[in-house]
Structures are given as C-alpha cells and as structure tokens.
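The values are calculated or read from the model by the stated rules, or taken from the named source; none is laboratory data. In this text the structure is predicted, and so the values were computed from the model without any measurement. Neighbour counts are summed over all protein chains in view; Cβ atoms, including those assigned to glycine, are modelled from backbone coordinates with ideal geometry. Surface areas here come from the heavy atoms of the whole protein model, side chains and all, with no ligands, DNA or RNA. Shrake-Rupley method; radii C 1.70, N 1.55, O 1.52, S 1.80 Å.
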Amino acid sequence: RGASMRGRARHARGARGGTREISIPAISASGDAREEERADDDGDPDGTRRSLLASVALLLARSSPALASPSIPARPSPPALAASLPAQLVDALAPSTEPGRVADALRLPMTLDGGTYVVRYAIGDTACRGVVDTGSPFLTMEGRCTDYWGCLKESDARPSGYGDTYEIYGLQEDGVTRWVLGDARFDGEVVDVTGETVGPPVGPPAGWAETSRVTSGNKLATKQRFTFPEVLLGVTSEVTAKEGSSGSPASYAPFVGLVKERAGDWIRPTFLGQTDVTSFSLDFATDTLVLSRREQIPRELRAGTMSMVDLRPLGSPVFHYAVAVEELWINGSRHKTDVPIYVVFDSGTTGMLVDRDLFYGSDLALGTFECHMKMRAEDGSRVQIGSSLRTCTSRCLFLTLPIDVPWDGVRQGKAHVIFAGLAFMFNQGSLTVDADARRVRLGGGFKGAAFL
C-alpha cells in the first residue's frame, strides 16, 4: 500500500451485490456566502454601524481581555489580522477534547485482522473502522455500507470543492474517490508522553459519546476524545484487492493513513497534515496506537533513533517514513548493488513489498525464507531489522511480493525501495515516528507513551 499514485477519476466500477451506496451532494464552488457578506456592508448604514461596534469591541478586548465579547464579529485592521494568523492556525488545527483536561496524547486500541491493524473512530455520527497505515496519507471510507467498516450517511459528509480522483496503492485499487469534508473523532485514553500514563489501559470504547473519569491513587484516569472538524477524507466507490493480498476484509480496506507531508498541491491534503498531531507510535505488545501533539522520542536519545530520508526527489508523492539501508541480506547472503536502497516502514502491509527491479534482480525471486536489513542510527550505531519463516509465526505473516513503484527515480534505476510491513516490526516491539522532527525508532529503551 505504500506506493501510491494519483490521477484523475476515469471511470466508476459496478456496484457489488448486497451493499448500499451513499449519495454525497454535488460539489459547488459558489461564493454566494461571501457575496452576501459583502452585500451586508456595502451602502448599508447598519453594516457601517456593525463595523464601528466591532472596532470598539476589538479595542476593548486588547485593553481588557475580560471585556471581550465572542458574540461581536470583530474585524481587525490588516496588520492586526496578519499578526493573529499564526495563532489562528494553531487554534484551528488543535483537536478539541472533552472538558476537564487538555490532552497532549491519546492512546487507542487496535485490533489485528488478517495481518494488519484496524482502529475504530467516527465520522460525524457514524462509527467506522480503518486500517492503521503508516504507508499512506489519507483518511478514506467506502461509499457502500458494510457491517465491518461502517455505513457513512449523507449527513456525515459535506462538499469540499476538490475534484474526484482514482487511487492506486501497493496491494489494492480504489475506485473513483470523492473528496468530502467530515468531522473525525477518536476516543481513547489520555496519555502523558513525558513518561507517565494517566489511568489503566483502555479497551474498545463502549460508546462514541462516552467520557468517564475515575480516581486511581493521585492520578486522574480519563477517557478523552480528539475531534478533528472539517477534515478532508476520501469516499471511494469501491475497493479492489490486487493479486497477492490476503482474503481478510482488512486486505482491501479504507485507511487511517498516517503519512503527514505531501509533495505538493497536486496531492490531496493528508489526514495528519490537517491536524496538529506531530508524532504517533504503535505498540505491538499492547496493540495500541498513540496520537500525540508532542514528540515522543527524546531529542538526546540518538542510539537506535534514525533520521528519515525524503524520497520525494525520487518521485514519491509523499514524505514516506523511510531510512537508508546499508546492507540487505537475503536467505543468508548479502545482496550487492550499485544504487541506494531505502526501506519504508509500512504498517499497512504484512510482509515485504519490493520494487520489481530489485525483486527480480536478487534472490528474492527464487523464494525468500529470511530477509534482514542493516541501517545506521543517529549516533552511528547499527540498527537491524529482519524476519523469516521460522520466526514469523502465529499472528505474523512473512510474505515477499514485487510491486510497481511508479516513481521516476525508481523506474530509471536510481534507487531501490522496500516497503517493510508488520512482519519486520513485531519482533522490535514498537514503532515510533516523530513526523515533524523526521525521526523514527523501532523498539523501546526510553519512557514514552507507548513504552511504559
């Protein structure tokens, strides 16, 4: 799923039997609301009077915050407006939480299904599920109702003004994707990312509106909610699994994509890019996901912490969570190549997806019973990940597949790309990504939200 490419919507697929498709209102780029607002003031004594009152209210608010009235629509001068824009942006991106305590981080339960993790959340009034995917950027939902993924209603989505697209991922193809606005909500447990949890571990939320507080010693145990209003999300006409994916519902699924940065405006806004979430972590021992507004990896911790590499110059449409591979070992032998190899940490897949040139130009094509990669941490120490048919048992699935990576740099043979899935992360215990700081870490060794 890590290799995504974009294009205009070309056609819609036929509906599958036994499903019901929602209807999203037609998108309108009309500026009627803005015209009405301007008409209120042009040549209208009442409009002039409102502007005067707003200016007075603004002056009073600056001199005495206690006198500020939120009911008066203040219209500051352009310099004042420009000065306030950064603060407005921070406030707009900040997820709202339930009253009481402002949460820096929220811990959510995940369910392992078919080799990938699924998390529960809500869009509007609809309870949904999505695959926790560190290799894709979007929040997506199927347009057809299913018992597993949820049934999005018309009232849950609003027109966004973005045109339709046709999305292709590593192991699945989405049909025509309509981009709409919706309010996304995540319910979980408040976590202190400085190293102290607030309350006991939490199971799946009993109800989307539930908020409970209990006293545990001197700590306040609480379930809280992150609400992200007016988030752009994709509603797909259908999702089709590619050859090689498993038969689980989670193998062809809507995503909770956690890739934050995109290559440009030609890519739809990413889910995390519309929030102030700066870091996330997956704990494979407790099957939990932490969304954090603070960095989780201490800046001074360089051993075992890797700096990520930007693959967008190679043609990637997003900033994947990737690092350089110094050595690639396949079935006990080192693979030698003259071009760099990069590995992307992709929780949306189970085993390993490899670009076709590397797959067929190595022993991977002969059958893989083990594979290991060696990288460098920020302090120069060695970091190693790997998996094998012998060690990857029970809930782990070790499978190596070739995929088309439609990036110019890969097609031209300038680099190779591997998308390492959960089979390469389970034995590490956890994955932590500080997206804004561009740092990644496998395993614990420090006190953080996911490693208590």
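In segment 350-372, which residues are among the β-branched types (Val, Ile, Thr) and closer than 20 Å to residue 315 by Cβ? Listed by number, the list holds a single entry, 354.
So, in segment 101-114, how many residues would count as being open to solvent by 10 Å² or more (accessible area, probe 1.4 Å) and either in contact with a strand residue (DSSP E or B) (Cβ under 8 Å, 6 or more places away or on another chain) or over 22 Å from residue 418 (Cβ atoms) (or both)? Number of matching residues: 9. Here residue 357 meets each of (1) part of a loop (DSSP other than H, G, I, E, B); (2) open to solvent by 70 Å² or more (accessible area, probe 1.4 Å); (3) of a type in the set (D, E, K, R) with one exception, condition (1). Put simply, of 338, 346, 310, 363 the only residue that is acidic (Asp, Glu) and open to solvent by less than 30 Å² (accessible area, probe 1.4 Å) is 346.
Among residues of segment 356-372 that are without any contact (Cβ under 8 Å) to a residue 40 or more places away in the chain and of a type in the set (Ser, Thr, Tyr), those with a Cβ under 9 angstrom from a residue that is open to solvent by 50 Å² or more (accessible area, probe 1.4 Å) and not in a helix (DSSP H, G or I), sequence gap 6+ or separate chain, pair up as 362/337; 368/389; 368/399. Every test in (1) closer than 16 Å to residue 104 by Cα; (2) crowded, with 18+ Cβ neighbours inside 10 Å; (3) out of contact with any Asp or Glu (no Cβ under 6 Å at 6 or more places or on another chain) is passed by residue 279 save one, and that test is (3). Determine whether residue 301 is within 15 Å of residue 119 (Cβ to Cβ) and out of contact with any helix residue (DSSP H, G or I) (no Cβ under 6 Å at 6 or more places or on another chain). In short, no. Counting just the residues of segment 338-361 that are modelled with pLDDT of 95 or more and small (Gly, Ala, Ser), which one comes out nearest to residue 288 (Cα to Cα)? Step by step, filter segment 338-361, then rank; the result is 347.
Just checking, does segment 296-315 include any residue being within 27 Å of residue 389 (Cβ to Cβ), under 25 Å from the mean Cα position of the chain (by Cα) and of a type in the set (Ser, Thr, Tyr)? Looking for residues that are within 27 Å of residue 389 (Cβ to Cβ), under 25 Å from the mean Cα position of the chain (by Cα) and of a type in the set (Ser, Thr, Tyr), one finds none in segment 296-315, hence no. For segment 239-253, the count of residues that are within 24 Å of residue 141 (Cβ to Cβ), at pLDDT 95 or above and among the β-branched types (Val, Ile, Thr) is zero.
Does residue 124 meet the test of being over 30 Å from residue 424 (Cβ atoms) and at pLDDT 55 or above? Lay out the reasoning, then the answer.
Values: over 30 Å from residue 424 (Cβ atoms): yes; at pLDDT 55 or above: yes.
For residue 124, the condition - over 30 Å from residue 424 (Cβ atoms) and at pLDDT 55 or above - is met.
Counting only residues that are open to solvent by 10 Å² or more (accessible area, probe 1.4 Å) and of a type in the set (Ser, Thr, Tyr), which one in segment 115-156 is nearest to residue 267 (Cα to Cα)? The residue in question is 155. Please enumerate the residues belonging to segment 370-421 that are charged (D, E, K, R) and over 18 Å from residue 331 (Cβ atoms). Hits for segment 370-421 are 376, 378, 379, 382, 395, 404, 408, 411, 414.
Selection of strands (runs of 3 or more DSSP E) fully inside segment 370-443 by the criterion of at least 1 residues being open to solvent by 40 Å² or more (accessible area, probe 1.4 Å) and either touching a helix residue (DSSP H, G or I) at 6+ places or on another chain (Cβ under 8 Å) or farther than 24 Å from residue 287 by Cβ (or both) returns 370-376, 382-388.
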